[in-house]
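Following: one structure in structure tokens, then a few remarks.
The values are calculated or read from the model by the stated rules, or taken from the named source; none is laboratory data. Remember, it's a predicted structure, so these values are computed and weren't measured experimentally. Positions of Cβ are generated from backbone atoms using ideal geometry, with glycine treated the same way; all protein chains shown enter the neighbour counts. Note: areas computed on protein heavy atoms with side chains; ligands, DNA, RNA excluded. Shrake-Rupley method; radii C 1.70, N 1.55, O 1.52, S 1.80 Å.
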Amino acid sequence: MEKKQKSQVCKKPGEAMALALKEAKKAADAGEVPVGAVIVDRDSGRVLAQAHNRVERDRDPTAHAEVLAIRAVGKLQNSARLESCDLYVTLEPCPMCATAISFARIQRVYYGAYDPKGGGVDHGPRVYEHPTCHHAPEVYGGIREAECAEILKTFFQERR
């Protein structure tokens with residue numbers, strides 16, 4: 001579930017990714033694909049929302065961590081444009097999430113594990129490289145990559 005963390009501040013990408021990893025662990029504990037996301041106000045470092053995948057729980061294929069966090073901040077700021085925000089997510093965003101990030105005008109995306117199979121940023125369709133993409137955020141992959149990849153690897157091994 002999304003949380004508004006008014007008192008929490010993250011000044012470094014690793015700090016925000018640690019919160020995203022906690023959300024990913026919550027997802028795994030709930031039987032969801034373990035992906036967590038955190039949105040931070042770029043200027044203050046204040047955490048605005050945290051979320052994890054809820055696809056199975058909500059029976060909603062769009063209930064990815066990134067989308068849930070974007071929805072929460074949109075409501076919090078009463079705006080569909082999150083231009084002063086940075087997103088931290090444990091897995092390279094899929095094409096759907098990459099597009100939502102673009103539409104939300106998020107300025108920077110930091111992600112942990114690369115996703116050669118389902119990613120939409122540095123793999124697959126590379127959404128931000130298309131000429132029809134109206135906003136391409138700055139993207140930084142590989143933040144705490146080993147930890148982010150390990151939680152996914154463990155989750156899927158346990159299900160085989």
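Which residue is most open to solvent (accessible area, probe 1.4 Å), if the candidates are limited to segment 44-84 and must be acidic (Asp, Glu) and part of a loop (DSSP other than H, G, I, E, B)? Filtering segment 44-84 for residues that are acidic (Asp, Glu) and part of a loop (DSSP other than H, G, I, E, B), the one most open to solvent (accessible area, probe 1.4 Å) comes out as 83. Among the residues of segment 105-122, those identified as more than 15 Å from residue 66 (Cβ to Cβ) and either exposed (fewer than 15 other Cβ atoms within 10 Å of the Cβ) or among the hydrophobic types (A, V, I, L, M, F, W, C) (or both) are 116, 117. For beta carbons closer than 6 Å, sequence separation of 6+ or different chains, a first residue in segment 22-40 that is more than 22 Å from residue 106 (Cα to Cα) and a second that is among the polar types (S, T, N, Q), the qualifying pairs are 27/53; 32/53; 33/53.
When every residue of segment 20-43 is checked against the conditions, at least one turns out to be in a loop (DSSP other than H, G, I, E, B) and farther than 19 Å from residue 155 by Cβ. The number of residues in segment 106-145 that are within 14 Å of residue 24 (Cα to Cα) and not aromatic (Phe, Trp, Tyr) comes to 4. Considering segment 51-83 alone, what residues qualify as being touching an Asp or Glu at 6+ places or on another chain (Cβ under 8 Å) and closer than 23 Å to residue 122 by Cα? Listed by number, the residues that qualify are 51, 52, 53, 65, 68, 69.
From the list 90, 99, the one residue that fits, being open to solvent by 30 Å² or more (accessible area, probe 1.4 Å), of a type in the set (Ser, Thr, Tyr) and either touching a residue at least 24 places away in the same chain (Cβ under 8 Å) or outside any helix (DSSP H, G or I) (or both), is 99.
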